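Structure first, then comments.
The numbers here are math on the coordinates, done by the rules we state, and not lab data. Nothing here was measured: the structure is a model prediction, and the numbers come from that model. We place every Cβ from the backbone using ideal geometry, glycine too, and count neighbours over all the protein chains shown.
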Amino acid sequence: QQQVKQSPQSLIVQKGGISIINCAYENTAFDYFPWYQQFPGKGPALLIAIRPDVSEKKEGRFTISFNKSAKQFSLHIMDSQPGDSATYFCAAGRGGNNRKLIWGLGTSLAVNP
Amino acid sequence: DARVTQTPRHKVTEMGQEVTMRCQPILGHNTVFWYRQTMMQGLELLAYFRNRAPLDDSGMPKDRFSAEMPDATLATLKIQPSEPRDSAVYFCASGFLNSGSYTDTQYFGPGTRLTVL
């Protein structure tokens with residue numbers, strides 16, 4: 001019930017294309033769903049996050065789509081650029097005193113010029 | 001530009017030796033996380049502190065790992081004795097959480113790359 005399953009493990013997209021990464025969770029108590037971006041040699045950094053009271057959140061070229069009934073959420077990167085090449089992690093967390101995140105295993109994205 | 005700092009950035013040691021990794025969280029943050037990252041397991045949460053008190057260390061091998069926060073500006077992760085399977089990148093992250101806040105952002109440091117021979 002604590003797992004977050006992320007797919008695909010790796011993704012290659014042409015410049016200008018759409019990158020889509022999917023995550024699924026089991027625990028319905030989760031109420032916070034962030035995506036983190038990690039470049040080689042760096043720590044992960046928050047990219048965008050969503051709460052279950054909305055079905056979509058957009059920030060620039062990055063959009064989270066959230067399907068509460070299916071317990072799934074996805075990251076869409078529009079007009080993908082070579083600078084977007086990184087590892088992307090989805091995560092899920094819940095309110096209360098213990099606010100730790102449960103992480104997906106990551107998706108390595110390569111955007112070809 | 002506030003950021004989480006970690007030392008050392010790289011550590012090569014021999015099996016059986018003690019390893020201590022240090023983290024300085026962002027000033028004012030009340031929550032500190034220690035993670036281990038490997039290709040096979042991804043990001044694993046080892047320990048989690050709130051206001052310097054340990055909240056969750058269920059992901060940490062208790063026989064050889066220990067985590068402490070001697071003060072609000074320093075978190076340490078110690079491995080004694082170290083083993084080759086401990087080779088990984090260890091990240092510290094900090095954040096500010098309170099019961100009424102929706103700001104759950106974790107700010108990661110650059111990591112310590114540990115190699116145990």
Under a plain spin-label model, where a point goes 7 Å from the Cα along Cα-to-Cβ, how far apart in nm are B:ARG85 and A:ALA45? 3.5 nm
Note to self: C-alpha centroids of region B:64-85 and region B:5-24 sit apart, in Å, by 9 Å
Please give me, ordered by residue number, the chymotrypsin sites (Phe, Trp or Tyr not before Pro) of region B:41-117 that lie in loop per DSSP and have at most 16 other Cβ atoms within 10 Å. B:PHE96, B:TYR102
Simple spin-label estimate for A:ALA110 and A:GLN3 in nanometres, 7 Å along Cα-Cβ: 2.7 nm
Assigned charges on the beta-carbon of Lys, Arg, Asp, Glu; chain B dipole about Cα centre (debye): 180 debye
FRET efficiency for B:ARG64 and A:ASN27, Cβ-Cβ distance as r, R0 = 30 Å, nearest 0.05? 0.50
